[in-house]
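Only one structure is covered here, and it is reproduced in the block below.
The values are calculated or read from the model by the stated rules, or taken from the named source; none is laboratory data. Every value quoted in this text rests on a predicted model; they were computed, and no experiment measured them. Positions of Cβ are backbone-derived with ideal geometry, glycine not excepted, and every protein chain shown enters the neighbour counts.
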Amino acid sequence: MADIDPSLSAAPLDAASLGSRDTLQRRGLMFILSSPSGAGKTTIARMLLDAEPELGLSVSATTRSIRPGEVDGRDYHFVPQTEFDRMVEDGEFYEWARVFGNSYGTPKGQIRAGLKSGRDFLFDIDWQGTQQLHQKAQADVVRVFILPPSLEELHRRLVGRGTDSVEVIAARMARAQAEISHWDGYDYVVINDDVETCFAKVRQILHAERMRRTRQTGLIDFVRVLTSK
Ligand SMILES: Nc1ncnc2c1ncn2[C@@H]1O[C@H](COP(=O)(O)OP(=O)(O)OP(=O)(O)O)[C@@H](O)[C@H]1O
Ligand SMILES: Nc1nc2c(ncn2[C@@H]2O[C@H](COP(=O)(O)O)[C@@H](O)[C@H]2O)c(=O)[nH]1
């Protein structure tokens, strides 16, 4: 929850290697997936990471307990609350928020340098984190909201995942409509009915956003060459 970070805004890159079609430079983007808990954003995120080698995952820190199948350092950095509080104090997060009674935050880590060199990052974060990142780095951020086909199906998925107690599932269902109410703070909204169809749509968004003119920092010199003869 800090001020605008100038290093995160879309500044032009070094023009040394620009000008040929093979070396066109591009600034990386921050690809955010949000949804009510259980709608499937982690599933879609994993499919994207498998399919897109140039996409890196922003691994959040969290104080919640590790779930069966999760790996510390891959899915999250699982830290005690005291360590999380220290990281907040030391300004180690781009954003952080309390979600479902736990703390979650996006470490600055490698992201800043990665964006400059054209690396894309995937963020599985909630609407509060999305607002904070958008305020700090509007030009770099692409916001995608995943909706479940129905609340009944959302509940089925949370139960079917088999990772949370009845109480935790009830708390997540109780929050679902409030989470969904933030759908209009996103650039794209995709309904996750069939997982393959949803994945294909989200991947199309990523591909199109990579070609956005303002991200293709090498275009200025490339077009200059094209129009100079
Ligand atoms: N289109 C789909 N059809 C049926 N099941 C799905 C679909 N997408 C995801 N699932 C299943 O729903 C469950 C919840 O998915 P997932 O963990 O990806 O949700 P999430 O939005 O990341 O939740 P959380 O915010 O709690 O991490 C998983 O068991 C997943 O396999
Ligand atoms: N603002 C942030 N939200 C985050 C971050 N990492 C995850 N999340 C969101 O928390 C909920 C719950 O996640 P779960 O893994 O415990 O089910 C979900 O909406 C995530 O998107 C973060 O760094 N910042």
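A few remarks follow.
- Pairs meeting the criteria (first residue in the stretch 152-169 and near ligand 1 (Cβ under 10 Å from one of its atoms), second residue not aromatic (Phe, Trp, Tyr) and not in a helix (DSSP H, G or I), beta carbons under 6 Å, at least 6 apart or on different chains) are Leu154/Gly38; Leu154/Pro148; Arg157/Gly38; Leu158/Gly38; Thr163/Arg67.
- The residues of the stretch 75-87 that are of a type in the set (Ser, Thr, Tyr) and crowded, with 17+ Cβ neighbours inside 10 Å amount to a single one, Tyr76.
- Hits in the stretch 110-138 (condition: aliphatic (A, V, I, L, M) and on the phi > 0 side of the Ramachandran plot): none
- Condition check for Ala208: surrounded by 12 or more Cβ atoms within 10 Å (Cβ to Cβ) and in a helix (DSSP H, G or I): no
Every residue, every condition in (1) among the basic types (Lys, Arg); (2) in contact with a helix residue (DSSP H, G or I) (Cβ under 9 Å, 6 or more places away or on another chain), yes or no:
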residue	(1), (2)
Lys136	yes, yes
Leu147	no, yes
Glu152	no, no
Arg213	yes, yes
Phe222	no, yes
Thr227	no, no
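- The residues in the stretch 185-205 that are within 16 Å of ligand 1 (Cβ to nearest atom), under 18 Å from the mean Cα position of the chain (by Cα) and part of a helix (DSSP H, G or I) can be counted, and the count is 6.
- Residue tally, condition at pLDDT 95 or above and either within 15 Å of Lys41 (Cα to Cα) or buried (at least 17 other Cβ atoms within 10 Å of the Cβ) (or both), over the stretch 162-171: 1
- Applying the criterion of being at pLDDT 95 or above and within 11 Å of ligand 2 (Cβ to nearest atom) to the residues of the stretch 38-56, the residue that is surrounded by the most Cβ atoms within 10 Å (Cβ to Cβ) is Ala39.
- The set of residues from the stretch 8-37 being more than 16 Å from ligand 2 (Cβ to nearest atom) and either modelled with pLDDT of 90 or more or hydrophobic (A, V, I, L, M, F, W, C) (or both) comprises Ala10, Ala11, Leu13, Ala15, Ala16, Leu18, Leu24, Gly28, Leu29.
- Out of Pro36, Pro107, Pro53, Pro68, one residue alone is more than 13 Å from the chain's Cα centre (by Cα), away from ligand 1 (no atom under 13 Å from the Cβ) and not aliphatic (A, V, I, L, M). It is Pro53.
- Those residues of the stretch 122-149 which are away from ligand 1 (no atom under 16 Å from the Cβ) and either of a type in the set (Ser, Thr, Tyr) or over 9 Å from the mean Cα position of the chain (by Cα) (or both), in sequence order: Gln131, Gln132, Leu133, His134, Gln135, Lys136, Ala137, Gln138, Ala139, Asp140
- Restricting attention to the stretch 110-141, the residues being crowded, with 17+ Cβ neighbours inside 10 Å, within 17 Å of Thr217 (Cα to Cα) and hydrophobic (A, V, I, L, M, F, W, C) number 3.
- Flag for Thr82 being touching a Ser or Thr at 6+ places or on another chain (Cβ under 9 Å) and farther than 22 Å from Val195 by Cβ: no
- Taking each residue of the stretch 44-62 that is within 7 Å of Leu122 (Cβ to Cβ) and looking for partners that are in a strand (DSSP E or B) and of a type in the set (Ser, Thr, Tyr) with beta-carbon atoms closer than 7 Å, six or more apart or interchain, yields Ser58/Thr106.
- Leading residue by the ranking (nearest to ligand 2 (Cβ to nearest atom)) among those in the stretch 57-74 that are hydrophobic (A, V, I, L, M, F, W, C) and surrounded by 12 or more Cβ atoms within 10 Å (Cβ to Cβ): Ala61
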